[in-house]
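Here the structure comes first, spelled out in structure tokens, and everything after it is commentary.
The values are calculated or read from the model by the stated rules, or taken from the named source; none is laboratory data. Since this is a predicted model, take the numbers as computed values, not measurements. We place every Cβ from the backbone using ideal geometry, glycine too, and count neighbours over all the protein chains shown. For the accessible areas, the whole protein counts, side chains as well, though only heavy atoms, and no ligand, DNA or RNA atoms are used. Shrake-Rupley method; radii C 1.70, N 1.55, O 1.52, S 1.80 Å.
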Amino acid sequence: MQLLNRYQISIFIIIAYLFALLCRMEWVLWASGYSDFIWNNQLMISTNDGYAYAEGARDMIAGFHQPNDLSYYGTSLSTLTFLQCKVLPFSLETIMVYLSIFLASLIVVPMILIGKEFGDAKPFFVASLIASIANSYYNRTMAGYYDTDMLVIVLPLFVIWGIIRLHFKGDLISFLIISLSMLAYNWWYPSSYTLCVAMTIFYAIYTIVFERKNLRNYQAILFMILAITAAPYAVRLGLIIALFGLIYFRANLLSIRVMIGLFVSVLALFVIFGGLNPIWFQAKFYLFRSLGDSSSVSFYFYNVNQTIMESGRIDLDLFTQRISGHWSVFIAGVIGYVLLCFKFRIFLVAIPMVGLGFLALKGGLRFTIYAVPIVAMGFGYLLYYLLKRAKIAKINLIAFIITVAALIPSIVHIYYYKPSSVLFKTEVNVLDKLGKIAKRDDYTLAWWDYGYAIRYYSDTKTLIDGGKH
């Protein structure tokens, strides 16, 4: 029975993954018909920020970068791309276009694994299909969208899977799933720090309220704090392994006094390395939108985030569309999530992701992707809950029809959403010529949107870009 279950889970994951992957190929098929989007026999990417990581990867391949050139040398996405260029028979430009297709589609894996822990993967299989192509998630993880967003939802879902697995199984492997996923998330996307802290705090509150006598939960919290402590990654990894070894080989030594000592030590490490600083920075950037520095002057200088489209406020209709494709799917998903939390309180640990998604109503549309998988899981759960309550004979057939109907708005969105490449071939041709005649210390000045692309194609320095505007 267990082997059959594993077989079913594998089939669900493969089908959902291929579905997400094939939907993302739509843009490639469309864009390939326009020669203006092609340079060096390959499509160009459609996101400005992607050229920052592309520059970093290019410099890592070359083995050096110039002083003060603002290169993203050594950053997570640049490093991953560099490693792939070394082991795969593909060019840097090809990897830039297709990497998001393969990594972003991994969102289906933790979602279906979460369903496995609940004992019924079918609702979460449905959820994985909806989440994998929901408007906002697709927009930020489609082919050509070369940015860290391709794993920004996948990794926290692995954390949630680890927490839920620990709840049902209580095994030690769950500690590693939770902590290593958080460690990888923090390395991949440093801005994830705030969400990781929120998840840790909320899990601690959940434990105190509902499972205060569960020692495993407190141990898991220790692992989570170690993972987000701003110590060097090697130090954090070493501490995680050491703690795991202590629990695995010397569990009898973990008295209440020892646990208190461990918590004090880990929290002290968290504070010493400035654990609260990143949280305050993110709050100021997205929530505190002061128009000016002083009311006593006649000139007002806008916060830079007010010049960025993705951080602009959105209305409720667009909000629901970006999370679920259609308002009806969104409402069903929210109801289903509440029901899911009522039936399985452990799913309350996903509230930080839901809350961050709802922050989009104030902080900007970019946040909607965080609520996408959780609301989708709510939809899948509500669908099967109602069908089972109605005692419908052909439950899977009806679920299939309703799922297809729920997917149609997102599929239509994919068909019509066709962003162009950041630059056209004629523009890149000019930058390429500039790179051949410019000196290493020459600067090119343009509006900040194009700073990264200019550095990538012309290899000149810039004063402003997507991170220095």
Note to self: C-alpha centroids of region 403-434 and region 187-238 sit apart, in Å, by 38 Å
Say R0 is 51 Å: what FRET efficiency, to the nearest 0.05, do Val412 and Tyr248 get from their beta-carbon distance?
0.50
Test item: Cα-centred dipole of the chain, Lys/Arg +1 and Asp/Glu -1 on Cβ, debye:
1660 debye
On the protein heavy atoms, probe 1.4 angstrom, tell me the percent of accessible surface of region 317-469 carried by carbon and sulfur.
66 percent
Cross-link partners among aspartates and glutamates for Lys394, C-alpha distance below 18 Å, same-chain residues fewer than 8 apart left out?
Asp120
How large is log10 I(q)/I(0) at q = 0.06, 0.10, 0.12 Å⁻¹ when the Debye formula is applied to the Cα atoms of the chain, each weighted equally and without solvent?
-0.29, -0.81, -1.15
Quick shape check on region 326-469: root eigenvalues a ≥ b ≥ c of the Cα gyration tensor, a/c under 1.5 is rounded, otherwise prolate if a/b tops b/c, else oblate, and it reads prolate
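Of the peptides 430-442, 341-353, how do they stack up when ordered by the mean number of other Cβ atoms within 10 Å, highest first?
Working: 430-442: 12.7, 341-353: 18.5.
Answer by packing, highest mean first, reads 341-353, 430-442.
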So, with points 7 Å from each Cα along the Cβ direction, the Ile14-Gln66 label distance in nm works out to 5.1 nm
Calculate, for region 129-279, the solvent-accessible area per residue in square angstrom, rolling a 1.4 angstrom probe over the heavy atoms of the protein chains.
39 Å²
Cα-based reach from Lys213 at 30 Å (exclusive), listing lysines while leaving out same-chain residues under 8 positions away:
Lys116, Lys169, Lys343
All Cα pairs of region 181-279, percent lying beyond 24 Å
20 percent
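Hand me the chymotrypsin sites (Phe, Trp or Tyr not before Pro) from region 1-66 located in a DSSP loop with no more than 13 other Cβ atoms within 10 Å, in residue order please. Present the calculation step by step, with values, prior to reporting the outcome.
Working: sites: Tyr7, Phe12, Tyr17, Phe19, Trp27, Trp30, Tyr34, Phe37, Trp39, Tyr51, Tyr53, Phe64; in loops: Tyr34, Phe64.
Within region 1-66, the qualifying chymotrypsin sites (Phe, Trp or Tyr not before Pro) (loop, at most 13 other Cβ atoms within 10 Å) are Phe64.
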May I ask you to derive the FRET efficiency for Ser191 and Ile392 from their Cβ-Cβ distance with R0 = 35 Å, giving the value to the nearest 0.05?
0.20
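Computed FRET efficiency, Cβ-Cβ of Asp120 and Phe210, R0 22 Å: what is it to the nearest 0.05? List each step's numbers first, then the result.
On the way: r = 22 Å, r/R0 = 1.00.
Calculated transfer efficiency: 0.50.
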With a 1.4 Å probe and every protein chain left in place, work out the accessible area per residue of region 1-121 in Å², rounded to a whole number.
46 Å²
